[in-house]
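The values are calculated or read from the model by the stated rules, or taken from the named source; none is laboratory data. The shown structure was predicted, so the numbers you read here are calculated from the model rather than taken from an experiment. Here the Cβ positions follow ideal geometry from the backbone for every residue, glycine too, while neighbour counts run over all protein chains shown. Side chains are part of the model used for accessible areas, which takes the heavy atoms of the whole protein and leaves out ligands, DNA and RNA. Shrake-Rupley method; radii C 1.70, N 1.55, O 1.52, S 1.80 Å.
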Amino acid sequence: MNRRLRLADARLYLVLEARPHGADPAPLLDAALRGGVDVVQLRDKELPDAELVRAAETFRRACAAHGALFVLNDRPDLVDACGADGVHVGQSDASVADARALAGDERVVGLSIETEDQLDATEGADYLGVGAVFATPTKAESAAGGLELVRAAALRVRIPWFAIGGIELDNAAEVAAAGARGIAVVRAIRDADDPEAAAHALRAALGEPASA
């Protein structure tokens, strides 16, 4: 299926470093994807290029096996080498236009949105990551926008978007009720005792259980 069509259907987005908790990511990826994750982003700003490309192979294989999208964080120049379906850039990273020029028109480009004002400057992006919604150590640089930011995005955004930042199982339904059709998580799946069950539960909180 076309990448943008798959993106339009996506509800659950997982962000992971190359070696979660210092371990091989393959078992975690497989469990999360079985549980219903639709998009996986490899986010590891510390790795040298060659190591990032090597790490990406595990992510690419896992996503391909489950029909999920694989997105690379902040490195449009390495999308081809990593075999990624797209790239995600932040407000201080490459522009959407520059990312598109490097990654190619057939790849998806995502953009981080941290404030309501930034919702007016999303031209060219295929999807948005909106947040941080709640305070979180994984996005310590972002002030929490709260559910008001989610409500604003629900009213104004016409492309796929995912609420992100401090979203866990105990608040995912609240985020969905505020208007988020999709959510992006890190710890809620990465740190779960049973990542597959955690992904299933998050999808259920969004009102759409993963298919068996």
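Looking only at segment 40-57, which residues are within 15 Å of Ala26 (Cβ to Cβ) and either touching a residue at least 60 places away in the same chain (Cβ under 8 Å) or acidic (Asp, Glu) (or both)?
Glu57
Is there a residue in segment 73-84 that is modelled with pLDDT of 95 or more, touching a Cys at 6+ places or on another chain (Cβ under 8 Å) and open to solvent by less than 40 Å² (accessible area, probe 1.4 Å)?
Within segment 73-84, not a single residue is modelled with pLDDT of 95 or more, touching a Cys at 6+ places or on another chain (Cβ under 8 Å) and open to solvent by less than 40 Å² (accessible area, probe 1.4 Å).
I need the helices (runs of 4 or more DSSP H) fully contained in segment 1-101, keeping only those with at least 2 residues that are out of contact with any Asp or Glu (no Cβ under 9 Å at 6 or more places or on another chain).
Result: 3-9, 26-34, 49-66.
Table: residues versus (1) assigned to a helix (DSSP H, G or I); (2) of a type in the set (D, E, K, R).
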| position | (1), (2) |
| --- | --- |
| Val133 | no, no |
| Ile159 | no, no |
| Ala163 | no, no |
| Ala176 | yes, no |
| Ala188 | yes, no |
| Asp193 | no, yes |
| Ala201 | yes, no |
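Can you pull out the residues in segment 95-149 that are in contact with a strand residue (DSSP E or B) (Cβ under 6 Å, 6 or more places away or on another chain) and among the basic types (Lys, Arg)?
Arg100, Arg107, listed by residue number.
Looking at segment 140-154, can you tell me whether even one residue there is among the β-branched types (Val, Ile, Thr) and either at pLDDT 95 or above or more than 21 Å from Asp74 (Cβ to Cβ) (or both)?
Yes; the residues of segment 140-154 include at least one that is among the β-branched types (Val, Ile, Thr) and either at pLDDT 95 or above or more than 21 Å from Asp74 (Cβ to Cβ) (or both).
A quick yes/no check of all residues on (1) open to solvent by less than 50 Å² (accessible area, probe 1.4 Å); (2) assigned to a helix (DSSP H, G or I); (3) in contact with a helix residue (DSSP H, G or I) (Cβ under 6 Å, 6 or more places away or on another chain):
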| position | (1), (2), (3) |
| --- | --- |
| Glu106 | no, no, no |
| Leu119 | yes, yes, yes |
| Gly166 | yes, no, no |
| Asp170 | no, yes, no |
| Gly179 | yes, no, yes |
